[in-house]
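Worksheet: one structure, shown below.
Every number in this text was worked out from the coordinates using simple rules, so none of it is lab data. Keep in mind the model is a prediction, meaning the values are calculated, not measured. As a convention, Cβ positions derive from the backbone with ideal geometry for all residues, glycine included, and neighbour counts pool all protein chains shown.
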Amino acid sequence: MISKKEALVNYIHLEESVTISYPNDNGTAPKKAAGKKYTVEEAVETIGFGRFHILLLCIMGSTSVAEAMEIMLLAVISPVIRCEWLLEEWQVAMVTTMVFLGFMAFSGVWGYLADKHGRWKILLISTVWSTYYSGVTSFAHTYGWFVFLRSMVGSGVAGHSQGFILMTEFMPSKYRGRILPLGQIFWLTGSTIEILLAYLIVPTLGWRWLVRISTIPSIILLLVFKCIPESARYSVSVGNTQSAKQTLNYIAKMNRSSLPQGTLIETQTVSPKMFLPIKRVNSQYYHNDANRWPIS
């Protein structure tokens, strides 16, 4: 029989043998969570909603303000340039058509480049693009140059949608349905600001100064874009997990939260082959349902 004292001593020694960890050859303690892994989506959910996301909403939402001002600008200066250059109705309509044609043509281009080089970089480049050509528009002295330059503005504005994508990738799923639609408020705000500016500036300084002043929000955005990092999901997709983890640490620190323990990995995609049995089952049901339909 083992006495209670011996059993207690054996328990103490057993506990020490379990809890004591010995250093590795290099003198460092072994990692406790070496086998754990997490994805960017899991990290975003763990960090939660906080101050970073409020800053993200204000900055990326302001891209909608700049976009709305550039689009609404056409409505307020079209009557002015029609009188100045004695344009026909179709010529005035051509200005708007060319802007949205450039928007449509470059939407896919910016999206492709964003997947290759990053959302933040393309958002910055497209904002510089649209701001530059919008400012140059104020110096156009012929109708042809005006239409060309405004089409270039539309091409650049098409890249502003990368701001919405950044918000989507950084926003926890719980808040996406409530926060992302607020971007429409920024669009309405930009449209209202542009109309008020037109009411104050066009009768006094002319439409050229209105175009120049309308680029101020875009210039301010170029200065504050540095507060928003590159998409962590993009960084992981190109194999730059170190940069992605730095981004997530920055967000966690700003939100006063922490990251999950373990190693950051890329999100595992589901193979299309997994859906083949479902397709077969569905096709069988479709066939059976079709046999039950009455034929008239």
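Suppose R0 equals 30 Å. What FRET efficiency, 1/(1 + (r/R0)^6) with r the Cβ-Cβ distance, do Ala105 and His141 give to the nearest 0.05? Show your work: numbers first, answer last.
Numbers: r = 26 Å, r/R0 = 0.86.
With a Förster radius of 30 Å, E is 0.70.
Would you mind counting up the charge near Gly154? Only other residues with Cβ under 11 Å from its Cβ, with Lys and Arg at +1 and Asp and Glu at -1.
Working: positive: Arg150; negative: Glu67, Glu70.
Result for the neighbourhood of Gly154: -1.
How much length is gained on full extension from Glu169 to Phe148, taking 0.36 nm per residue of separation minus their Cα-Cα distance? Working shown, then result.
Values: separation 21, 0.36 × 21 = 7.56 nm, distance 3.44 nm.
Taking Glu169 through Phe148 to full extension adds about 4.1 nm, to one decimal.
How much length is gained on full extension from Ala75 to Thr267, taking 0.36 nm per residue of separation minus their Cα-Cα distance? Don't jump to the answer; show the numbers that get you there.
On the way: separation 192, 0.36 × 192 = 69.12 nm, distance 4.46 nm.
Length difference between fully extended and current span is 64.7 nm.
Please give the residues of the range 65-108, grouped as numeric ranges, whose backbone N is less than 20 Å from a label point set 7 Å along the Cα-to-Cβ vector of Ser237.
Taking a point 7 Å out along Cα→Cβ of Ser237, the residues of the range 65-108 whose backbone N falls under 20 Å are 106-108.
Residue separation times 0.36 nm, minus the C-alpha to C-alpha distance between Gln91 and Phe225: what's the value?
On the way: separation 134, 0.36 × 134 = 48.24 nm, distance 3.69 nm.
Here the segment from Gln91 to Phe225 would lengthen by 44.6 nm.
Taking a threshold of 27 Å on the Cα-Cα distance, which of the pairs Lys37/Lys226; Lys36/Lys116; Lys36/Lys174; Lys36/Lys121; Lys36/Lys226 fall above it?
Numbers: Lys37/Lys226 29 Å; Lys36/Lys116 29 Å; Lys36/Lys174 24 Å; Lys36/Lys121 32 Å; Lys36/Lys226 32 Å.
Over 27 Å Cα-Cα: Lys37/Lys226; Lys36/Lys116; Lys36/Lys121; Lys36/Lys226.
What FRET efficiency comes out for Lys37 versus Leu180 if R0 is 30 angstrom and r is the Cβ-Cβ distance? Round to the nearest 0.05.
Working: r = 28 Å, r/R0 = 0.94.
Working from the Cβ atoms, E equals 0.60.
If one computes P(r) from the Cα atoms of the range 130-215, what percent of pairs lie at distances over 19 Å?
On the way: 1972 of 3655 pairs.
Here the tail beyond 19 Å accounts for 54 percent of pairs.
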